[in-house]
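Structure record follows, encoded as structure tokens.
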Amino acid sequence: MAIWGLVIETTVGIGERKHGEAYVLRHVDGTREEALMELEQRARRHTPEHPRSPKRRRLFRESDGFLLVIDGAWQSFSTRFTVAELLDDSAAPASPPTHAAQPEAEHEKEPGAEPHPAEAVPPPPSTPPVERDADGVPIRPNWWGRTDLP
């Protein structure tokens, strides 16, 4: 089953310092439709910092998510909610190979034959479970406690 990222791109700052930033809200294991349903719930209840006095709020459905446009007294602010399939994550823990070698029958092995390369690979080390909040975000970031950072 695919892993889907719930991504939010929002307007931050005001005036000349107004710019967009992107964040991954969480990951969802399941179907694209399940991820879109959760993303819609988040888009409907999202309350951005700006504008402080919203005059109008519009939520649009797009092919891969939703677009929230909030008009303020002087400016409009937008937030894009996108569901995207996770293809690669440099911070993901190493996973075991997906195609494990089938064990050979004893009578098929030659005496003194070397083990199959898949048999020679030790299992990956077990990692302690990561404590997460209700939204699936780690409570303690993985960089916390590192001594190699300034």
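Residues of the range 67-88 that are closer than 22 Å to Gly15 by Cα and either open to solvent by 40 Å² or more (accessible area, probe 1.4 Å) or modelled with pLDDT under 90 (or both): Gly72, Ala73, Trp74, Gln75, Ser76, Phe77, Ser78, Arg80. For the range 25-56, residues that are in contact with a strand residue (DSSP E or B) (Cβ under 8 Å, 6 or more places away or on another chain) and surrounded by 13 or more Cβ atoms within 10 Å (Cβ to Cβ) total 19.
In the range 59-66 there is at least one residue that is at pLDDT 90 or above, open to solvent by 100 Å² or more (accessible area, probe 1.4 Å) and either over 23 Å from Ile3 (Cα atoms) or not small (Gly, Ala, Ser) (or both). In the range 7-19, the count of residues that are farther than 28 Å from Asp133 by Cα and assigned to a strand (DSSP E or B) is one or more.
Determine, yes or no, whether Thr11 is polar (S, T, N, Q), surrounded by 11 or more Cβ atoms within 10 Å (Cβ to Cβ) and more than 26 Å from Ala92 (Cβ to Cβ).
Yes, satisfied.
Restricting the first member to the range 43-64 and to residues that are under 17 Å from Val83 (Cβ atoms), and the second to residues that are of a type in the set (Val, Ile, Thr) and surrounded by 15 or more Cβ atoms within 10 Å (Cβ to Cβ), the beta-carbon pairs closer than 7 Å and six or more apart or on different chains are His46/Thr79; Asp64/Thr82; Asp64/Val83.
The values are calculated or read from the model by the stated rules, or taken from the named source; none is laboratory data. What you see is a predicted model; the values in this text were computed from it and never measured. Backbone-built Cβ (ideal geometry, glycine too); neighbour counts: all protein chains shown. With ligands, DNA and RNA removed, areas are computed over all heavy atoms of the protein, side chains included. Shrake-Rupley method; radii C 1.70, N 1.55, O 1.52, S 1.80 Å.
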